[in-house]
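Participant: Mind looking over this structure? Questions follow.
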Amino acid sequence: MTPSTNPEPVAAGSFWSSTNGRRILDGISLFARFFMAYTWLTAGWAKLNDHMNMTQAIMAYEIFTPQWSDLLARLIGPLEIAGGLFLLLGIFLRQSSKVATGVLVLFIIGIAQAWARGLAIDCGCFNIEPNYDAVAMDYFITILRDVFYLALTVWTIYRPFKRFALYP
């Protein structure tokens, strides 16, 4: 038997290690970084200009004392803006995403406990206008949205989009 002149096909790398695969992964990373930067900036900006309603939104969770609610209302907006700027400018991408992951987990826990206790609240996320109609938010959708944000943030921890980053 003579050896074949056609060599065995060599197993190529996976699709994700190819140029097209890397471009798709880079596109997801780009979307995750800049979408979450936009999300944190808009959420923080909404909280900066309405301290009283933000304090009331935090108090509605019935977790913190009025003093702690006031302190959190003063801190959350600037911290969200700082996190958004870090992502936008590409400063400490992995570290800032780890902090954002912790914050999102706390937000999800807070919303879930309010839902479990039957509280009618506004989450205080993006629109902190008072809810005069006493219509509670859709807890399931809000938690689902935050889980989506959490997935994007975790993606940024493991595969940050470093292009256009000042100090990745």
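Participant: Report, by chain and number, residues whose modeled amide H sits under 5 Å from the one on Ile91, excluding near sequence neighbours (fewer than 5 apart, same chain).
Facilitator: Residues meeting the criterion, in which the H sits 1.01 Å from N, are Leu166, Tyr167.
Participant: Okay, next question. What is the sum of charges, Lys and Arg at +1 and Asp and Glu at -1, for the other residues whose Cβ falls under 13 Å from the Cβ of Val154?
Facilitator: So the surrounding residues net to +3.
Participant: Could you work out the local net charge near Trp68, counting Lys and Arg as +1, Asp and Glu as -1, over the other residues with Cβ closer than 13 Å to its Cβ?
Facilitator: Surrounding charge for Trp68 is -1.
Participant: How large is the helix-only mean residue ellipticity at 222 nm for the chain, computed as the sum of -39500 (n - 2.57) over DSSP H runs with n ≥ 4, divided by its residue count, in deg cm²/dmol to the nearest 500?
Facilitator: Computed mean residue ellipticity for the chain: -22000 deg cm²/dmol.
Participant: Something else: With the chain treated as a Gaussian network of Cα nodes joined by springs under 10 Å, which of Gln95, Gln56, Gln67 yields the largest mean-square fluctuation?
Facilitator: Gln67
Participant: Now, a different point. Springs between alpha-carbon pairs under 10 angstrom, Gaussian network model over the chain: which of Thr142, Thr19, Thr156 fluctuates most?
Facilitator: It is Thr19.
Participant: Subtract the Cα-Cα distance of Arg163 and Arg22 from 0.36 nm times their separation in residues, and report this length gain in nm to one decimal.
Facilitator: Full extension of this stretch gives 49.4 nm more.
Participant: Find the relative contact order for the range 23-158 and round it to a whole percent, using C-alpha pairs within less than 8 Å whose residues are 6+ positions apart.
Facilitator: 34
Participant: Report the percentage of all Cα-Cα pairs in the range 23-158 whose separation exceeds 27 Å, rounded to a whole percent.
Facilitator: Result: 20 percent of Cα pairs exceed 27 Å.
Participant: I've got another one for you. How do Phe35, Phe161 rank when sorted from fewest to most other Cβ atoms within 10 Å of their own Cβ?
Facilitator: Phe35, Phe161
Participant: Go through the range 60-65 residue by residue and turn each phi into a ³J(HN,Hα) via Karplus (6.51, -1.76, 1.60, θ = phi - 60°); whole Hz please, and just put x for glycine and proline.
Facilitator: After applying 6.51 cos²θ - 1.76 cosθ + 1.60, I find 5, 6, 6, 10, 10, 6 Hz.
FYI, it's all coordinate maths here, none of it is from the lab. These numbers were taken from a predicted model, which means no experiment stands behind them. Don't worry about glycine lacking a Cβ; one is built from the backbone with ideal geometry, like all the others, and counts go over all protein chains shown.
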